[in-house]
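**Q** Please see the structure below; I have some questions.
The values are calculated or read from the model by the stated rules, or taken from the named source; none is laboratory data. Note that the structure is a prediction, hence the values are computed from the model and not measured. No Cβ is skipped: glycine too gets one built from the backbone with ideal geometry, and neighbour counts run over all protein chains shown.
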Amino acid sequence: MSSNDQQHSTPPTWSSPEIQQAFHNYWQTPEYRKAANQQNFFDDWTMSELQWTYNPPEPWYSIFYECPMMGLEEFNDGIIHSIFRRSNWITDLPKMDMAYEAMRPALRVATEFLMHDEFMDWWVHVRFAELTDYSRKTYLENRSKKAGPEAKQQVKEELQAFADKVRFTWSTPAPPQGALAFHCPTIPILAWHIGDRKLAEGYANRYHQNPYIRSTIFLDMGWYHRILADGPTVNQNLRCQMHLATTLLHELGHAWYSQWQTERVEPFAYVSDLVPEMGFSLEIALFGALLEGADARMTSLLPLVSKRIEDRWPVPVDIFTLVPMTWVQQWFQKRTWQDIPTLRANGALRLANTNDRTASVLRVIFDSQVGTLLRKWDFESYAQDSQENSASGLSVAERYKNEWFRDAKKAFQVNALPDRYYKPTEFAQHFRSYVPPPWALTANKTDEDLPQFSIRDKN
């Protein structure tokens, strides 16, 4: 046996000396130290770009920003799931104890979702499902039909035990593809990500399957600074906490899949899913739509927003509707969790989306390199358009796509439209009705090359 084989003959864990050293080295990199030592999360750039949000153009708009809140302290006194226990956070950050306490509302919400019978269906499905191929689509099918009280109780117990196989830490620079978090399913992949490629290669192809699956969830360092920042109002903080709770659950969805399924490339969780992405599938199972922040830096100065999968892919048209604060606040109240079946049955827990009502916002284009092309939210014109297009039979989604196409064309004409806004994404293959615009395939960006997008939605 070679010395390299001897060194890695014992399955690695987070407590292995070589992994601890890899983390120490990662934490000493200039990029990490710069992000860790950030002094002011709400910097001048953030405030200058978002200052107009403090002056809502219409009185009713305040429902998305500030509403009276009661019952938060009582809710925060509840238990924290063992998955989120303090010892599961790997970090050298000096204020981590303060940060852990500051994120308690988010951990409480995530805890309730992991423990309530009404939200167990997705976890049970992924736990007991088998890979199935049908019509060029690979998805999970629960052939055993396990879904009753016994199955839910088993999964809840396994989620408690899962705490020994998952850890959390902070990432910088920004996670892959601009995500606010990401998931490493094995220790070798973890070693690769934190910069010790020699160590990762030394593990060769071992420890990539059960019983060696150990999931590490990285959160963008911005979360750490945001939850410790002074100044946010109670409602701004609740938006941040709800966004963080959703992010944690999203990544745990990936980790849970890795724990029970052997196929490394994620399939569709359900045959009805539009994209093969476990985190998005979980969000839709919990809320009926995707829950995100309206701004990219998790500031929560702006409202939270709701999106359908079709509003996000195959190209980021970026249509969404604002989420009222009353919807956000309910998750931080003890009485909500005592009456989940009734609230769920009457639709109070479901996120309204662009299929249900007029989209509140269309984010057009913002590119700091060339100045802002972001249209301020013109509520009067949107209200007028809503009446006119409603009479013409246009769906909300189609109306907002048309508006986005017009503004995208303007941005394209001045070379201010990033490629990602008109080139199909990695998920485009799953939208077989998508027809790319001709101008996205040509080298000449002239006015004659700018026909409208053609996206034929089934919904």
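**Q** Does the range 85-134 hold any residues that are part of a strand (DSSP E or B) and either closer than 20 Å to Phe332 by Cβ or not aliphatic (A, V, I, L, M) (or both), and which are they?
**A** Listed by number, the residues that qualify are Trp89, Glu130, Thr132, Asp133, Tyr134.
**Q** Only helices (runs of 4 or more DSSP H) wholly contained in the range 1-84 count here; list those with 3 or more residues that are more than 24 Å from the chain's Cα centre (by Cα) and at pLDDT below 85.
**A** Because the criterion is at least 3 residues that are more than 24 Å from the chain's Cα centre (by Cα) and at pLDDT below 85, the helices (runs of 4 or more DSSP H) in the range 1-84 that meet it are 3-7.
**Q** Moving to a separate point now. So Glu266 clears everything in (1) in a helix (DSSP H, G or I); (2) under 19 Å from Ser215 (Cα atoms); (3) free of Cβ contacts under 8 Å to residues at least 40 places away in the same chain except one condition, right? Which one?
**A** Unmet for Glu266, out of (1) in a helix (DSSP H, G or I); (2) under 19 Å from Ser215 (Cα atoms); (3) free of Cβ contacts under 8 Å to residues at least 40 places away in the same chain: (1).
**Q** Do we find that Glu150 is part of a helix (DSSP H, G or I), within 23 Å of Gln261 (Cβ to Cβ) and acidic (Asp, Glu) in this structure?
**A** Against the criterion (part of a helix (DSSP H, G or I), within 23 Å of Gln261 (Cβ to Cβ) and acidic (Asp, Glu)), Glu150 qualifies.
**Q** Give me the residue from the range 86-105 that is of a type in the set (Ser, Thr, Tyr) and surrounded by 14 or more Cβ atoms within 10 Å (Cβ to Cβ) and, out of that set, farthest from the chain's Cα centre (by Cα).
**A** Thr91
**Q** For the range 328-343, enumerate the residues that are among the aromatic types (Phe, Trp, Tyr) and in a helix (DSSP H, G or I).
**A** Result: Trp337, single match.
**Q** Residues of the range 317-355 being modelled with pLDDT of 90 or more and aliphatic (A, V, I, L, M), which ones?
**A** Result: Met325, Val328, Ile340, Leu343, Ala345, Ala348, Leu349, Leu351.
**Q** Shifting gears a bit: Could you say which residue among Pro211, Pro188 is more than 23 Å from the chain's Cα centre (by Cα) and either closer than 17 Å to Glu18 by Cβ or at pLDDT 95 or above (or both)?
**A** Going through Pro211, Pro188 in turn, the sole match is Pro188.
**Q** Looking only at residues in the range 302-316 that are in contact with a helix residue (DSSP H, G or I) (Cβ under 7 Å, 6 or more places away or on another chain) and farther than 19 Å from Asp273 by Cα, which one is modelled with the lowest pLDDT?
**A** Among residues in the range 302-316 that are in contact with a helix residue (DSSP H, G or I) (Cβ under 7 Å, 6 or more places away or on another chain) and farther than 19 Å from Asp273 by Cα, the one modelled with the lowest pLDDT is Leu302.
**Q** Here's something else I'd like to know. Condition first: surrounded by fewer than 18 Cβ atoms within 10 Å (Cβ to Cβ) and among the hydrophobic types (A, V, I, L, M, F, W, C). Now tell me which residues in the range 14-26 satisfy that.
**A** Selection gives Trp14 alone.
**Q** Can you name the condition, by its number, that Gly231 falls short on among (1) modelled with pLDDT under 90; (2) of a type in the set (Gly, Ala, Ser); (3) touching a helix residue (DSSP H, G or I) at 6+ places or on another chain (Cβ under 9 Å)?
**A** Tallying (1) modelled with pLDDT under 90; (2) of a type in the set (Gly, Ala, Ser); (3) touching a helix residue (DSSP H, G or I) at 6+ places or on another chain (Cβ under 9 Å), Gly231 fails exactly one: (3).
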